[in-house]
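Enquirer: First the structure, then my questions, so here it is.
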Amino acid sequence: KIKIDELSKKIDEKGLGEIIPSFVPEVYGLDEIKGALVLMLCNRRNDRKTKSIRSKSNILIIGDPSSAKSVLGNFVIDITPGSRKALGGSSSSVGITASVLKTEDNLGGYRVEPGALILANDVLFLDELNNLNDEDKPKLQEGIESMCVTINKANIHISMKVTCGMLAAANPKLGKFFTSDKPEFISEQFNIPVPILNRFDTIFTIIDVISEESDKKIAERMIKRHRNKLVSIYDKEFLRKFFCYIRNFKEPEINEETEEILKKVYCLARTNNNSSIKINPRFLESLTRMCVASAKIRQSNKIEFKDVERCIQILAESEYKVNP
């Protein structure tokens, strides 16, 4: 408990840079994506009985092959009890949401088999989202947004709750990204329908750019991993305990001052939107979720300006491209 309090105090004073070096240490860079994942793990699971809106964020990472998307997702799964992983390339929507199966007896009965989205308590890592069939992708919408999966089939009528947030990874539809001066050109390379994209709080793109400086650092990090010489201040076991504690910390309040800041940020983001992703009221919900997480990781009872500022800096590197 003392070590947990010390880390929260350091983050309060100096920011997420105190924890990010220990978060997926084998991956060089991608600090804004790591920051978004850190905040995702701070919020408690969804509960429709107490809140009509989601507590957990949904994050989508679309990147060139071998850009560490799966490494990020697997790390999140490793430090989050009750989480699950599913592969879009080998799972149909019923395997991820729910399916109705005929019983083996001769009575002609049916039973419901819950999928990974329902069985995951805190986080579902859905890898290769782009490989899901087009007809399957819309079936995820209800589970991602409405915190439930409804089954009306074979005389079975049931609604199963979804408590987890989704971390999804995907490749561009052309196999890799092709750049252009047009900002909307990147989003045109997503083969994920807009209704699905709108259900994600943040969307990050990772483009493999040749750079001698960064390539050297990536190679150095990978070689250190193979030599077992990666050193982290906080190991996985501590991070597992840390996030469990933070998730159960009291929900911070939004005072009048913070409310005015959030309203101003939302209006400015709508006015100055230079992104291919439309900014709508869902953006404000996403920003608020992140601000709640930012206050919780500091063990603060109220959201402050620095929480909003921290989240805007992360969103500025996402496809929202909000100016910090």
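Enquirer: When the residues of the range 154-190 are filtered to those that are more than 23 Å from Leu87 (Cβ to Cβ) and at pLDDT 75 or above, which remaining residue is least open to solvent (accessible area, probe 1.4 Å)?
Expert: Looking at residues that are more than 23 Å from Leu87 (Cβ to Cβ) and at pLDDT 75 or above, I get Ile156.
Enquirer: Is there a residue in the range 47-63 that is in a loop (DSSP other than H, G, I, E, B), farther than 30 Å from Asn248 by Cα and either open to solvent by 30 Å² or more (accessible area, probe 1.4 Å) or modelled with pLDDT of 75 or more (or both)?
Expert: No, the range 47-63 contains no residue that is in a loop (DSSP other than H, G, I, E, B), farther than 30 Å from Asn248 by Cα and either open to solvent by 30 Å² or more (accessible area, probe 1.4 Å) or modelled with pLDDT of 75 or more (or both).
Enquirer: For the structure I just gave you, tell me whether Asn248 is open to solvent by 40 Å² or more (accessible area, probe 1.4 Å), touching a residue at least 40 places away in the same chain (Cβ under 8 Å) and over 20 Å from the mean Cα position of the chain (by Cα).
Expert: The answer is no for Asn248.
Enquirer: List the pairs whose first member sits in the range 208-237 and is within 19 Å of Ser67 (Cβ to Cβ) and basic (Lys, Arg), whose second member is open to solvent by 70 Å² or more (accessible area, probe 1.4 Å) and not in a helix (DSSP H, G or I), and whose Cβ atoms are under 6 Å apart, counting only residues at least 6 apart or on separate chains?
Expert: Lys217/Tyr28; Arg221/Tyr28
Each row is one residue, and each column tells you yes or no for (1) more than 26 Å from Leu30 (Cβ to Cβ); (2) part of a loop (DSSP other than H, G, I, E, B).
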position: Glu259; (1), (2): yes, no
position: Lys263; (1), (2): yes, no
position: Ile277; (1), (2): no, yes
position: Ser286; (1), (2): no, no
position: Arg289; (1), (2): no, no
position: Ala295; (1), (2): no, no
position: Arg310; (1), (2): no, no
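Enquirer: Scan the range 98-138 for residues that are within 18 Å of Phe200 (Cβ to Cβ), modelled with pLDDT under 75 and among the charged types (D, E, K, R) and jot them down.
Expert: Those that are within 18 Å of Phe200 (Cβ to Cβ), modelled with pLDDT under 75 and among the charged types (D, E, K, R): Asp134, Asp136, Lys137.
Enquirer: Let me ask something else about it. Give the residues of the range 15-26 that are within 30 Å of Lys176 (Cβ to Cβ) and open to solvent by 10 Å² or more (accessible area, probe 1.4 Å), sorted by residue number.
Expert: Leu16, Ile20, Pro21, Pro25, Glu26
Enquirer: Test Phe243 against the criterion of being in a loop (DSSP other than H, G, I, E, B), open to solvent by less than 90 Å² (accessible area, probe 1.4 Å) and within 21 Å of Ile11 (Cβ to Cβ), and give yes or no.
Expert: No: the conditions fail for Phe243.
Enquirer: Given Asn272, Asn301, Asn280, Asn255, which one is touching an Asp or Glu at 6+ places or on another chain (Cβ under 7 Å), surrounded by fewer than 18 Cβ atoms within 10 Å (Cβ to Cβ), farther than 24 Å from Asp78 by Cα and among the polar types (S, T, N, Q)?
Expert: The unique qualifying residue is Asn301.
Enquirer: So for the range 74-87 (the condition being over 23 Å from Leu287 (Cα atoms), among the hydrophobic types (A, V, I, L, M, F, W, C), part of a strand (DSSP E or B) and at pLDDT below 90), does at least one residue qualify?
Expert: Checking the range 74-87: at least one residue is over 23 Å from Leu287 (Cα atoms), among the hydrophobic types (A, V, I, L, M, F, W, C), part of a strand (DSSP E or B) and at pLDDT below 90.
Residue-wise test of (1) free of Cβ contacts under 8 Å to residues at least 40 places away in the same chain; (2) among the polar types (S, T, N, Q); (3) closer than 30 Å to Glu212 by Cβ; (4) open to solvent by 20 Å² or more (accessible area, probe 1.4 Å).
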{"residue": "Leu7", "(1), (2), (3), (4)": "no, no, no, no"}
{"residue": "Glu13", "(1), (2), (3), (4)": "yes, no, no, yes"}
{"residue": "Met40", "(1), (2), (3), (4)": "no, no, no, no"}
{"residue": "Ser66", "(1), (2), (3), (4)": "no, yes, yes, yes"}
{"residue": "Val76", "(1), (2), (3), (4)": "no, no, no, no"}
{"residue": "Gly95", "(1), (2), (3), (4)": "yes, no, no, yes"}
{"residue": "Leu117", "(1), (2), (3), (4)": "no, no, no, no"}
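Enquirer: Scan Ile158, Ile223 and give me the residue that is β-branched (Val, Ile, Thr) and in contact with a strand residue (DSSP E or B) (Cβ under 8 Å, 6 or more places away or on another chain).
Expert: Selected residue: Ile158, the only one of Ile158, Ile223 that is β-branched (Val, Ile, Thr) and in contact with a strand residue (DSSP E or B) (Cβ under 8 Å, 6 or more places away or on another chain).
Enquirer: Just the residues that are out of contact with any helix residue (DSSP H, G or I) (no Cβ under 7 Å at 6 or more places or on another chain) and either of a type in the set (Phe, Trp, Tyr) or at pLDDT 90 or above (or both), please, taken from the range 282-299.
Expert: Arg289, Val292
The values are calculated or read from the model by the stated rules, or taken from the named source; none is laboratory data. Just so we're clear, the structure is a prediction, and the values are computed from it rather than from any experiment. Because the Cβ atoms are built from the backbone with ideal geometry, glycine has one as well, and the counts that use them run over all protein chains shown. For the accessible areas, the whole protein counts, side chains as well, though only heavy atoms, and no ligand, DNA or RNA atoms are used. Shrake-Rupley method; radii C 1.70, N 1.55, O 1.52, S 1.80 Å.
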